[in-house]
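A short write-up of the structure that comes next.
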Amino acid sequence: MLNNTSIWPKSRILNLFHIENPIVQAGMVWISGGKLAAASANTGCLGIIGAGSMNPDLLRHHIQKAKNLTTKPFAVNIPLLYDKTKDQIEVALNEGVKIFFTSAGSPKTWTSFLKKEGCTVVHVVSTPEFAKKCEDAGVDAVVAEGFEAGGHNGRDEITTLVLLQQIKDHISIPVIAAGGIGSGSSILACLALGAEGVQIGTAFAATIESSAHENFKNAMCQASFNSTFLRMKKYVPVRLLENEFSKRIASAEDRCADKNELIEILGKGRAKEGMLNGNIEEGELEVGQIVSEVTEILSCSKLVNKLTQEYLESKKIFF
């Protein structure tokens, strides 16, 4: 494993998280539990537990699992739209978590409280306007997530390439790029555009340590260049791997179904059914466009080593 900070350009992200590689493993519902977060942290990256699908007790279990598997820093991602947010934050603080990635809500709600608790706070954004609001709210960094990313996306459909350029000259805090990143060369491109780190979801979702069902991992490995689509635009935009459920949503959207009908088709528990339980046809399979580049199920260690080697090879060519 290449875990030498001299490989990478100096960045505030490395110092902010006390990590060796400027790579963040994204917090993903049903996929990124304590095992994946710890395995990612042990490679020198920042691992994240995705708390969106966890009740407070389950979150505590995964934090404790991660602490048993690594001595390195890891974070918790907490979407701010749920009524369990307060309890999740209290659990994480009680377990000694010091790095929080927040999303799906206003950064003003919890940032000042977490900062007073001595925590590092990062918020996920999809527009330059929102990035500036995050800086004003006192966050330490932002994740600039383009709409190539898997799962829930911003409504403006701004690509990562454009979003980085829109954000970098308007805020002074570090920017972490996300969306469409799955190779060392794409990491190099993001750094060249001013990002100080990258967040990767789909490639980590397909690792051995991921909680994703083997059916889901295999489906990712078999995906082609046009296997994902942005669905549920009238309700809550989400990028999905195409399957029978996704096609049913597309058909409803084509005939201008209203929000209520889309919610009825979605039902409850589809993400868990697809990603955790392995129902490939009727589950909600959240992946990014980069999924076509995922061709094998690797360990976190081998994935990060592969990304690092690719970065070094690309750097030789372009610089």
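So in region 45-73, with the set limited to residues that are over 17 Å from Ser103 (Cβ atoms) and crowded, with 22+ Cβ neighbours inside 10 Å, which one is nearest to the chain's Cα centre (by Cα)?
The residue in question is Cys45.
Please pick out the residue among Leu14, Leu2, Leu46 that is out of contact with any Phe, Trp or Tyr (no Cβ under 6 Å at 6 or more places or on another chain), within 20 Å of Leu188 (Cβ to Cβ) and modelled with pLDDT of 95 or more. Lay out the reasoning, then the answer.
Numbers: Leu2 fails: modelled with pLDDT of 95 or more; Leu46 fails: out of contact with any Phe, Trp or Tyr (no Cβ under 6 Å at 6 or more places or on another chain).
Going through Leu14, Leu2, Leu46 in turn, the sole match is Leu14.
Exactly one condition in (1) farther than 22 Å from Leu163 by Cβ; (2) without any contact (Cβ under 8 Å) to a residue 60 or more places away in the chain is not met by Glu135; state its number.
(1)
Can you name every residue in region 138-166 that is in contact with a Ser or Thr (Cβ under 7 Å, 6 or more places away or on another chain) and either open to solvent by 70 Å² or more (accessible area, probe 1.4 Å) or free of Cβ contacts under 8 Å to residues at least 24 places away in the same chain (or both)?
Within region 138-166, Asp156 is the sole residue that qualifies.
Which condition number in (1) in a helix (DSSP H, G or I); (2) under 23 Å from Ser224 (Cβ atoms); (3) open to solvent by 80 Å² or more (accessible area, probe 1.4 Å) is the one that Ile317 fails?
(2)
Name the single residue, out of those in region 235-264 being touching a Ser or Thr at 6+ places or on another chain (Cβ under 6 Å) and among the charged types (D, E, K, R), that is nearest to Asn279 (Cα to Cα).
Applying the filter and picking the extreme gives Glu242.
Hey, among the residues in region 286-304 that are open to solvent by 50 Å² or more (accessible area, probe 1.4 Å) and in a helix (DSSP H, G or I), which one's farthest from Glu209 (Cα to Cα)?
The selected residue is Gln289.
Show the residue pairs that are 6+ apart or on different chains and have beta-carbon atoms under 6 Å apart, the first residue being within region 186-210 and within 13 Å of Glu286 (Cα to Cα), the second being part of a helix (DSSP H, G or I) and at pLDDT below 95.
none
Among the residues that make up region 3-23, is at least one of them among the polar types (S, T, N, Q), open to solvent by 10 Å² or more (accessible area, probe 1.4 Å) and in contact with a Lys or Arg (Cβ under 9 Å, 6 or more places away or on another chain)?
At the first step, the residues of region 3-23 found to be among the polar types (S, T, N, Q) are 3-6, 11, 15, 21.
Narrowing the set further to residues that are open to solvent by 10 Å² or more (accessible area, probe 1.4 Å) leaves 3-6, 11, 15.
Now restrict to residues that are in contact with a Lys or Arg (Cβ under 9 Å, 6 or more places away or on another chain): none.
No, region 3-23 contains no residue that is among the polar types (S, T, N, Q), open to solvent by 10 Å² or more (accessible area, probe 1.4 Å) and in contact with a Lys or Arg (Cβ under 9 Å, 6 or more places away or on another chain).
State which residue is surrounded by the most Cβ atoms within 10 Å (Cβ to Cβ) when the search covers only region 185-200 and only residues that are touching a Pro at 6+ places or on another chain (Cβ under 7 Å) and in a strand (DSSP E or B). Walk me through how you get there before you give the answer.
Step one: of region 185-200, the residues touching a Pro at 6+ places or on another chain (Cβ under 7 Å) are 191, 196-198.
Now restrict to residues that are in a strand (DSSP E or B): 197-198.
Values: Gly197: 29, Val198: 27.
Selected residue: Gly197.
Return yes when Glu242 is over 30 Å from Ile297 (Cα atoms) and open to solvent by 10 Å² or more (accessible area, probe 1.4 Å) and no when it is not.
Values: over 30 Å from Ile297 (Cα atoms): no; open to solvent by 10 Å² or more (accessible area, probe 1.4 Å): yes.
The answer is no for Glu242.
Which one of these does Gly180 not meet: (1) crowded, with 19+ Cβ neighbours inside 10 Å; (2) of a type outside the set (Val, Ile, Thr); (3) assigned to a helix (DSSP H, G or I)?
Of (1) crowded, with 19+ Cβ neighbours inside 10 Å; (2) of a type outside the set (Val, Ile, Thr); (3) assigned to a helix (DSSP H, G or I), only one is false for Gly180: (3).
Among the residues of region 111-138, which ones are farther than 19 Å from Val198 by Cα, in contact with a helix residue (DSSP H, G or I) (Cβ under 8 Å, 6 or more places away or on another chain) and not hydrophobic (A, V, I, L, M, F, W, C)?
Thr111, Ser112, Glu117, Gly138
The values are calculated or read from the model by the stated rules, or taken from the named source; none is laboratory data. Keep in mind that this is a model prediction, so the values were computed, not measured. Virtual Cβ from ideal backbone geometry, glycine too; neighbours counted across all protein chains shown. Each accessible area value is taken on the protein alone, full model and side chains, heavy atoms only, with ligands, DNA and RNA left out. Shrake-Rupley method; radii C 1.70, N 1.55, O 1.52, S 1.80 Å.
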